[in-house]
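Engineer: First the structure, then my questions, so here it is.
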Amino acid sequence: MNLIAAVDKNWAIGLNNKLLVRIPEDQKFFRETTTGKVVVMGRKTLESFPGGLPLKNRINIVLTRDRNYKAKDVILVYSLEELREELQKYSSEDIYVIGGESIYRQLLDDCDVAHITKIDYAYEADAWFPNLDERGEWEIRADSEEQTYFDLEYYFYRYEKRKTK
């Protein structure tokens, strides 16, 4: 399974259920990477999308503890066990965990690839991605040249979990 996120220099991902910044090239990368795939998210991430609607041209799976929660055109699951059972229907490399913070933390150990856009700026935030640089089992396998969007510098990284022998 894959993780995909944009993080600031402190691994922050959001404030008040919104992204910290919208960078068109990052959004394009996200769209191209996840289109036609399975995206896994929490309820608040779904609600942060325009109109609270699921992402087009993807299978949207939402993990929520609220059994009364209703959402159109998504697969709702209510526990990690139920989520893992649902995900068995799909190829692992076609599954992308897209947030938020608690979903990333709960599924980190199930994933072996992380697509991380690192923004060289520190934002005010209330949600963070696990810092993969501090986790020995993750290593950078690919990175981009420096990218810029106005005065922001950012990089695309591909982390992979080290194979244990």
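The values are calculated or read from the model by the stated rules, or taken from the named source; none is laboratory data. What you see is a predicted model, and the numbers here were worked out from it, not measured in a lab. Note that we place each Cβ from the backbone using ideal geometry, even for glycine, and neighbour counts take in every protein chain shown. Only protein heavy atoms, including side chains, enter the accessible area calculation; ligands, DNA and RNA are left aside. Shrake-Rupley method; radii C 1.70, N 1.55, O 1.52, S 1.80 Å.
Engineer: Which pairs turn up if I take residues in segment 3-14 that are farther than 21 Å from Asp112 by Cα and open to solvent by 10 Å² or more (accessible area, probe 1.4 Å) and look for partners that are charged (D, E, K, R) and at pLDDT 95 or above with beta carbon separation below 8 Å, at least 6 apart in sequence or on another chain?
Structural biologist: That search, which allows pairs on different chains as well, returns Lys9/Lys118; Lys9/Asp120.
Engineer: Taking the stated definitions as given, is Val77 open to solvent by less than 70 Å² (accessible area, probe 1.4 Å), more than 23 Å from Asn16 (Cα to Cα) and either among the hydroxyl-bearing types (Ser, Thr, Tyr) or more than 17 Å from the chain's Cα centre (by Cα) (or both)?
Structural biologist: Criteria met by Val77.
Engineer: Still on this model: I'd like to verify a number: residues in segment 107-121 that are within 22 Å of Gln27 (Cβ to Cβ) and open to solvent by 50 Å² or more (accessible area, probe 1.4 Å), how many?
Structural biologist: The number of residues fulfilling the criteria is 2.
Engineer: If you don't mind, there's one more thing I want to ask. Residue pairs, Cβ under 6 Å, 6 or more apart or interchain, first in segment 61-73 and surrounded by 10 or more Cβ atoms within 10 Å (Cβ to Cβ), second part of a loop (DSSP other than H, G, I, E, B). List them.
Structural biologist: Between residues of segment 61-73 that are surrounded by 10 or more Cβ atoms within 10 Å (Cβ to Cβ) and residues that are part of a loop (DSSP other than H, G, I, E, B), the close pairs are Val62/Val74; Asp73/Pro54.
Engineer: Also: Which of the residues belonging to segment 141-159 are closer than 10 Å to Ile116 by Cα, surrounded by 14 or more Cβ atoms within 10 Å (Cβ to Cβ) and out of contact with any helix residue (DSSP H, G or I) (no Cβ under 8 Å at 6 or more places or on another chain)?
Structural biologist: Once the filter is applied, which keeps residues that are closer than 10 Å to Ile116 by Cα, surrounded by 14 or more Cβ atoms within 10 Å (Cβ to Cβ) and out of contact with any helix residue (DSSP H, G or I) (no Cβ under 8 Å at 6 or more places or on another chain), segment 141-159 yields Tyr155, Tyr157, Arg158.
Engineer: Return the total of residues in segment 19-32 being within 13 Å of the chain's Cα centre (by Cα) and either within 20 Å of Glu101 (Cβ to Cβ) or among the acidic types (Asp, Glu) (or both).
Structural biologist: Looking only at that region, the number is 4.
Engineer: Spot the failing condition for Gly99; the list is (1) at negative phi; (2) surrounded by 19 or more Cβ atoms within 10 Å (Cβ to Cβ), and only one is missed.
Structural biologist: Every listed condition holds for Gly99 apart from (1).
Engineer: Is there any pair with a first residue in segment 119-148 that is without any contact (Cβ under 8 Å) to a residue 12 or more places away in the chain and a second that is assigned to a strand (DSSP E or B) whose Cβ atoms are under 6 Å apart and which are 6 or more apart or on different chains, and what are they?
Structural biologist: Glu146/Glu153
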